[in-house]
1. Can you run down the residue pairs with Cβ atoms below 6 Å, 6 or more apart or on separate chains, where the first is in region 57-70 and within 14 Å of residue 89 (Cα to Cα) and the partner is modelled with pLDDT under 75?
2. What's the number of the condition residue 67 fails, among (1) at pLDDT below 70; (2) surrounded by fewer than 13 Cβ atoms within 10 Å (Cβ to Cβ); (3) within 23 Å of residue 137 (Cα to Cα)?
3. Just checking, how many residues over region 12-21 are in contact with a helix residue (DSSP H, G or I) (Cβ under 9 Å, 6 or more places away or on another chain) and over 15 Å from residue 35 (Cα atoms)?
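The values are calculated or read from the model by the stated rules, or taken from the named source; none is laboratory data. Keep in mind that what you see is a predicted model, and the values were worked out from it rather than measured. Virtual Cβ from ideal backbone geometry, glycine too; neighbours counted across all protein chains shown.
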């Protein structure tokens, strides 16, 4: 059965963002409550805010732990950044699936009752892998554009210096090829 949304979850996104921002800046629950009442005229119970912040911190801790595990796996899996991330995600999903089949805690028993949840996790992994490839393609395109822009700027500066100093075309070619590592 789905859990009903908390009173904090029902608030507008900008108010929830403000809570996260204030907590991230190190403010206490009472300081956050005071700020929300002053800025948004929102009536929130201290206990609801406390539960929300506790959940935020648990999610943050879980995310940090997952990232650390993924980074450790990435260091062990190879040199290609995009394939390392994909491989790390696959390893994490494999590990999770193994825990599912051999584990015995309450959350795992609940997931075992719903095979569709397992299918959804596998789909999520597939989407994650695809988005990783898309991200790698985007990074490669950005790097190529930056490299082309730098090459063009360098070529323009070289032409200016060659003209100012009265250098020969041969000298410019040597500088371009040997010093700058550019092809003529």
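1. 70/88
2. (1)
3. 1
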